[in-house]
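A.B. asks: Submitted below is the structure of interest, expressed as structure tokens.
Values quoted throughout were computed directly from the atomic coordinates according to the rules given, and no laboratory measurement underlies them. The shown structure was predicted, so the numbers you read here are calculated from the model rather than taken from an experiment. Backbone-built Cβ (ideal geometry, glycine too); neighbour counts: all protein chains shown.
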Amino acid sequence: MGGNQSMPKVTAQDRAILDLKLQRDKVKQYQKNLQAILDREEAIAKQHLSAGHKDRALVALRRRKYQQGLLLKTDGQLENLQQLVSTIEFSLVEVSVLHGLKQGNEVLKEIHKEMNVESVERLLEETAEAREYQREIDEMLANNLSLDEEDAVQAELRELQAAVLGEQPSDDVRLPSAPTSEPVAQPEEEEKEVVTDTARTAVPA
């Protein structure tokens, strides 16, 4: 089963990018070798100077200068390779984006075909007919109910609203609870009662 699995398709662009990256890696390795040669020529020049061989030291420095020129050239080649790889990769991204836009446009065209003027008008007509049919049913039900039945329906609606919204029905008036103890007379009221009792006592029978 595993051998039948489809492998990713390698395109010509992929092979071109791979070749450029391989060349770039070779140039980098060549630069490392040149740098090693530059360091060795400098060490050789120092050894000849220490031994008093000025002419030999000068030859080593000349070889070193030549290798430096090669290193500068490889820097330019490496930069060109890197720019070329970046340009190709960016171009592939642009192609992918354009392909995505093309697919998106095709999808939009299909959607527009389904939502043409005739389809929209037909849908609006069907919706209007459905609303009119529902209105006729509502009127028929309302006309066939008695006043008591209509009141019962309204009461049931208020109960459902209270259950859904967590509120009391609008016609459910809460009365204050009756007091459980006798009211306590205020001092002014007690004085009025004493005066009244005194006046009554003062009146002759």
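A.B. asks: Where a Cα-Cα gap under 30 Å defines reach, which lysines qualify for residue 73, not counting those fewer than 8 residues away within the same chain?
C.D. replies: Within reach: 21, 26, 28, 32, 46, 54, 65.
A.B. asks: Another question about this same structure. Residue 42 versus residue 127, label points 7 Å from Cα toward the beta carbon: distance in nm?
C.D. replies: According to this spin-label approximation, the distance is 8.0 nm.
A.B. asks: Then there's this: Each residue of the range 73-86 in order: what ³J(HN,Hα) in whole Hz does its phi give by Karplus 6.51 cos²θ - 1.76 cosθ + 1.60, θ = phi - 60°, with x for Gly and Pro?
C.D. replies: Computed from phi, the couplings for the range 73-86 are 5, 5, 4, x, 5, 5, 5, 5, 5, 5, 5, 5, 4, 5 Hz.
A.B. asks: To continue, here is another question. Give the Debye-formula value of log10 I(q)/I(0) at each listed q (0.21, 0.28 Å⁻¹), with one equal scatterer per alpha carbon of the range 117-165, two decimals each.
C.D. replies: -0.79, -0.94
A.B. asks: While we're here: Per q in 0.11, 0.13, 0.16, 0.21 1/Å, what log10 I(q)/I(0) does a Debye calculation on the alpha-carbon atoms of the range 10-109 return?
C.D. replies: Scattering profile of the range 10-109, log10 relative to I(0): -0.55, -0.65, -0.78, -0.99.
A.B. asks: In nm, give the distance between the simple-model label positions of residue 26 and residue 75, each being 7 Å from the Cα along the Cα-to-Cβ direction.
C.D. replies: Those two pseudo-labels are separated by 2.3 nm.
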